1. Using Cα positions and a limit of under 15 Å, work out the aspartates and glutamates in reach of Lys203, with same-chain residues fewer than 8 apart set aside.
2. Summing +1 for each Lys or Arg and -1 for each Asp or Glu, what net charge is found among the other residues whose Cβ lies under 9 Å from the Cβ of Leu25?
3. Taking the alpha-carbon distance from Lys114 and a cut-off under 18 Å, which lysines remain once sequence neighbours fewer than 8 residues away in the same chain are dropped?
4. Any idea which of Leu249, Phe148, Leu198 is furthest toward the positive side of the dipole for the range 135-277, if Lys and Arg beta-carbons carry +1 and Asp and Glu beta-carbons -1?
5. Using 15 Å as the cut-off for backbone N distance, which residues of the range 149-187 belong to the label zone defined by a point 7 Å from the Cα of Asp124 along Cα→Cβ?
6. Ser104 to Arg146: extension gain in nm, 0.36 nm per residue of separation minus the Cα-Cα distance?
7. How large is the charge dipole for the range 121-219, taken about the Cα centre, if only the Cβ atoms of Lys, Arg (+1) and Asp, Glu (-1) carry charge, to the nearest 20 debye?
8. Run the paramagnetic zone check for Glu179: 7 angstrom along Cα to Cβ, then residues of the range 134-148 with backbone nitrogen under 17 Å.
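What follows is calculated from the coordinates using simple rules that are stated; it is not laboratory data. Just so it is clear, the structure is predicted and the values come from calculations on it, not from any experiment. All Cβ positions, glycine included, derive from the backbone under ideal geometry; neighbour counts span all protein chains shown.
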Amino acid sequence: MEYIIYADESEEEGTYYSNFYGGLLVRSPDLLEVQEILTRTKEELNLGGKAKWQKVTPQYLGKYMGLMERFFDLVEEDRVKVRIMFRHGTFVATGLTDEQRANSYYILYYQFLKNAFGLQYSNDGREPISLRIYLDRRSGTDEQKRRFKAFIAALEQQPQFRRARILFPLDQIAEVAIEDHVLLQCLDTVLGAIQFRLNDLHKKKPAGAARRGGRTIAKEKLYRAILARIRKIYPHFNIGISTGMDGDLANRWRHRYRHWEFVPSESRWEKGRVKPK
């Protein structure tokens, strides 16, 4: 058995929330059928090329809503698990070295992959489970990428993953192009919708205009459709806080959809970044 994880990131520095990371997980027995369902849905909707949050327009709104409906059907069926992580701007990390600041993108990515899915609670059997990790391609030095992948591969030596027999093979961690992976396209759309709403971009108006633009209105409608599907699974879901665990740490794995508000262990609170009510 394998777990296949697709991961993406968005908005390094937003007005209120920053460092958005998203991931989805599919078990290997489901992968081909899930890919086929979503690829066929795109074809039926005539949604050619790569689907991305930034490409949402009034003309394409209905197509994206159709794709998200089918995607969240798979989430509701627990054939796809989704995790979103972000940092609230009111909490600013302190005590960082120059090296940590230079590698903050990779450090946060590491924390996300290590913790977001609750992988240590996922394997009750005796057989090991191996991970395949596909990262959306991004700029960075070869050395940074090599070290990052090595750190991820080393996770399997940590006690919680050794006990659960979770493997992180180095040769199964790869950067990929979003246009080649329909699951990564769906993740980009969900992640974009969450950062759009948390940073109040639904209120944005063109310079000098009295009203919002058509694309902004379309994106808000798509966000609301996505939120409705999340709340169909988890009523009253709050997108701006860490999802509760209902008294059981293993729900970090069991839950189909979760958010994680990352707070640095050493940080200061900045009132000026508080989101107005």
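1. Here the aspartates and glutamates satisfying the reach criterion relative to Lys203 are Glu220.
2. After counting each charged neighbour, the total is +3.
3. Counting by Cα, and skipping residues close in sequence, Lys114 has these lysines nearby: Lys81, Lys145, Lys149.
4. Final value for the positive-end residue is Leu198.
5. Residues 164 fall inside that zone.
6. In short, 13.6 nm is gained.
7. Taking the Cα centre of the range 121-219 as origin, the dipole is about 680 debye.
8. Only 136-139 fall inside the zone, counting backbone N under 17 Å.
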